[in-house]
């Protein structure tokens with residue numbers, strides 16, 4: 001998604017001698033963040049650190065928007081995207097402790113309309129299956145229903161959609177990140193609590209914790225003077241993007257928060273559900289904390305000897321691993337122009353949160369800053385994360401740019417190839433995504449989604465029966481191939497799609513579409 005988890009950066013680390021360096025001073029953290037801001041070309045960011053029950057660092061950097069140049073501070077709100085998922089699981093933990101649900105309850109017992117791809121999975125799918133990315137469905141499946149924003153899909157559409165997806169693994173055997181099932185969890189919270197997901201998060205979590213300047217939805221923010229704007233960068237220029245509009249509910253990634261409030265959120269979890277000036281209040285029990293921080297789905301372990309990790313997995317809204325003998329609990333989040341990371345080390349009573357408002361550089365910044373601070377507390381050497389991630393991200397970007405450049409060079413070379421456009425024009429239907437139309441506009445073939453209006457754009461001939469789409473929506477890198485299958489008369493009967501760039505965000509799951517012609521021109 002973005003509401004996707006984290007931009008997951010796979011970086012092959014170079015092992016160096018562990019000289020160890022002291023925990024960073026506030027001045028050193030300031031210097032670290034400023035250096036990362038400049039290196040990764042980020043408009044604004046904010047960082048907070050909690051340690052031993054106290055906020056020891058909180059500060060804003062850069063600007064909320066390049067259009068206004070107003071500075072970021074510790075109260076500036078950013079979209080935290082998939083870091084919202086842990087709020088959803090905490091809400092369910094509260095309901096579980098109140099006896100309104102059990103973690104192992106079947107989803108259909110609470111939401112009878114819920115469907116899955118076969119009867120066994122549908123009958124046995126439980127609440128924890130909604131939260132642990134082990135459904136058997138593929139990475140980001142169905143995210144096109146709300147990505148990009150502006151579509152008209154409803155919760156009823158969502159609940160009926162899962163029967164149409166094809167599994168990629170056996171049920172409960174493999175981790176594949178999912179956003180849609182968290183939206184189902186949000187609907188379950190609404191039905192069992194009698195209030196919307198947004199109202200539950202505000203009244204049952206934000207208000208007790210004193211997170212008075214955070215919001216469960218963009219529409220709840222009446223005064224946007226404390227709101228950071230999302231940005232994208234090309235070369236050295238910044239583009240201010242529109243705010244992402246929430247749809248259905250915010251359970252997968254709808255929260256807007258600031259580092260001052262999120263410090264209270266981290267302290268809550270580091271103190272097993274206790275909060276207040278002397279941690280005299282209890283939002284949830286230690287038993288629930290253990291359930292949220294228990295591995296429910298295993299994932300690949302980073303075998304780099306730097307951290308001596310032995311396990312990795314996903315709990316309930318949290319990534320879990322060990323580093324240097326310490327349990328590490330974290331999550332990342334990403335929406336267009338908004339990237340963030342939360343990292344907790346319970347054994348050290350340490351929490352770090354980094355929020356950014358620029359893509360793609362925000363992923364490098366949150367990873368480099370959080371990792372450098374984390375390493376200092378783990379007693380590791382200064383790994384020069386900024387330099388290493390700069391090289392990694394530049395290489396990744398260049399490889400992706402090379403692929404897309406060659407595609408559009410092929411399009412240009414073939415622009416005069418004669419084709420019978422009438423054989424492609426028509427309406428094509430996918431069972432979960434609805435109708436997509438191929439039509440003529442300004443002497444060129446175009447394609448548009450009837451239900452997701454931002455997905456419309458010009459189609460240019462690429463090769464054989466394949467066209468390249470340049471979407472009018474360019475807030476993210478998501479241009480796509482459209483591949484037609486023809487009948488014996490050369491008339492298009494169906495469409496398959498896939499992203500052009502290897503760096504396309506996984507929430508653009510064009511490959512999950514199965515578009516069949518239902519109407520000719």
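In the stretch 406-431, how many residues are assigned to a helix (DSSP H, G or I) and surrounded by 14 or more Cβ atoms within 10 Å (Cβ to Cβ)?
Just the residues of the stretch 406-431 that are assigned to a helix (DSSP H, G or I), to begin with: 406-413, 421-423.
Pick out the ones that are also surrounded by 14 or more Cβ atoms within 10 Å (Cβ to Cβ) and you get 407-408, 410-411, 421, 423.
Looking only at that region, the number is 6.
Checked against the criterion of being closer than 15 Å to residue 435 by Cα and in the same structural domain as residue 456 (by TED's automatic domain parsing), the candidates 494, 485, 507, 501 yield just one match: 494. Here residue 308 does not qualify as more than 24 Å from the chain's Cα centre (by Cα) and part of a helix (DSSP H, G or I). When residue 338 is tested against the conditions (1) closer than 20 Å to residue 64 by Cα; (2) without any contact (Cβ under 8 Å) to a residue 24 or more places away in the chain, the lone failure is (2).
Please specify each residue of the stretch 171-217 satisfying the condition of being in a loop (DSSP other than H, G, I, E, B) and within 18 Å of residue 102 (Cβ to Cβ). Break it down stepwise before answering.
Filtering the stretch 171-217 down to residues in a loop (DSSP other than H, G, I, E, B) leaves 171-179, 194-196, 210-214, 216-217.
Within the stretch 171-217, 172 is the sole residue that qualifies.
If we keep just the residues of the stretch 373-396 that are surrounded by fewer than 17 Cβ atoms within 10 Å (Cβ to Cβ) and outside any helix (DSSP H, G or I), which is nearest to the chain's Cα centre (by Cα)? The selected residue is 384.
The values are calculated or read from the model by the stated rules, or taken from the named source; none is laboratory data. In this text the structure is predicted, and so the values were computed from the model without any measurement. Methodologically, a virtual Cβ is constructed for each residue, glycine included, from the backbone with ideal geometry; neighbour enumeration extends over all protein chains shown.
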